[in-house]
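The values are calculated or read from the model by the stated rules, or taken from the named source; none is laboratory data. Every value quoted in this text rests on a predicted model; they were computed, and no experiment measured them. FYI the Cβ positions are ideal-geometry reconstructions off the backbone, even for glycines, and counts take in every protein chain you see.
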């Protein structure tokens, strides 16, 4: 019988059966509430099984809406279809493999070409990949997840890949781009845009009931029987639905809740564990995202926090802009235009830090009302870790009000 520290911990039993089914890397065999998107992608790719070239496709949707899971699921089905035509699916995360050289080297290595990490001319790497690819009759589907991260460093690789079929004799290539950013296509060369965006599939956010179904399915695989209190899954689903329908976040919440219960040697996962898990995940995510924001975005966010501390009602873009302009001189920063601040607010909304709603003002037009999606105190503490913003900690809310801020009614 094993003994020692870890043996004692193992002998205490546990909450989980297989916790990995709650992690983002897991691709489930069943994808509830994504039948429409699965069928749409399968219809795009089915020509591959006839030896024809499928259209390129762009998949859009916010984080946690099932984009990657669906793409991997359909890709696996394509590879296993076995209709006589060899189909190969290559998945690349462009947050990690984020330059033209790295993408082409990764693709070439998939076909057993020895490519150094650096040092070769990009044209040579492309040539090696193309010759290896075209050595057999096959259809290759290249999935570029977080493709917008790649585009920020240039679209040369997309230009080359989207036109590679013109250089091939035996093989055929289709590209699937996956992105959270609906605007990244605006930065592409028109020639790349036309060839890459032949088909588009949009993934809407999940609602609370759909997230609950997803969690129930995964929980059956992840946990031992009867260890989840009845309110755990509904609460995880409700929290995630509030935050833009992010199923990945709901799964993280359920997993961390289980881990907290396990570490506290609780026989069951309770509502308290869910609330503790939410607080922990929130802090970790917010710190990571906010710490890496540009200074101008941090100033916008700090201004919104001050407005909420003042109990300002109906926080609009204009109100935020006025507060932001008061903060810029305090940190010796030039202020941006109203339009640029509107863009920064939209980016913060996409990151899930803010929640914006477009409201009609009748003959005065439309405006956005802004609310924080996370706890202001934690946000403020993380922002003030930036040495450039530390001076703002000495400026109290009443002082801000005297600087010319008025309450919006």
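For the range 386-401, the set of residues classified as surrounded by 12 or more Cβ atoms within 10 Å (Cβ to Cβ), part of a loop (DSSP other than H, G, I, E, B) and at pLDDT 75 or above consists of 386, 388, 389, listed by residue number. Among the candidates 215, 251, the residue that is modelled with pLDDT of 90 or more, more than 17 Å from the chain's Cα centre (by Cα) and not assigned by TED's automatic domain parsing to the domain that holds residue 69 is uniquely 215. State whether the residues of the range 113-130 include one that is closer than 30 Å to residue 351 by Cβ, touching a helix residue (DSSP H, G or I) at 6+ places or on another chain (Cβ under 7 Å), touching a residue at least 12 places away in the same chain (Cβ under 8 Å) and not assigned by TED's automatic domain parsing to the domain that holds residue 240. The answer is no; no qualifying residue exists.
Residues checked against (1) within 20 Å of residue 30 (Cβ to Cβ); (2) part of a helix (DSSP H, G or I); (3) without any contact (Cβ under 8 Å) to a residue 24 or more places away in the chain:
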{"residue": "202", "(1), (2), (3)": "no, no, no"}
{"residue": "205", "(1), (2), (3)": "yes, no, no"}
{"residue": "213", "(1), (2), (3)": "yes, yes, no"}
{"residue": "236", "(1), (2), (3)": "yes, yes, no"}
{"residue": "241", "(1), (2), (3)": "no, yes, no"}
{"residue": "250", "(1), (2), (3)": "yes, yes, no"}
{"residue": "254", "(1), (2), (3)": "yes, yes, no"}
{"residue": "265", "(1), (2), (3)": "no, no, no"}
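Residues that are assigned to a helix (DSSP H, G or I), within 31 Å of the chain's Cα centre (by Cα) and either outside the structural domain of residue 89 (by TED's automatic domain parsing) or crowded, with 20+ Cβ neighbours inside 10 Å (or both) do not occur anywhere in the range 165-172. Criterion applied to 369, 308, 347 was being surrounded by fewer than 18 Cβ atoms within 10 Å (Cβ to Cβ), touching a strand residue (DSSP E or B) at 6+ places or on another chain (Cβ under 7 Å), part of a helix (DSSP H, G or I) and at pLDDT 85 or above, and the one residue passing it is 308. Scanning the range 29-64 for residues that are part of a helix (DSSP H, G or I) and touching a helix residue (DSSP H, G or I) at 6+ places or on another chain (Cβ under 8 Å) gives 37, 38, 41, 42, 45, 48, 49.
Against the definition (assigned to a strand (DSSP E or B), surrounded by 16 or more Cβ atoms within 10 Å (Cβ to Cβ) and under 29 Å from the mean Cα position of the chain (by Cα)), how does residue 70 come out, yes or no?
No: the conditions fail for residue 70.
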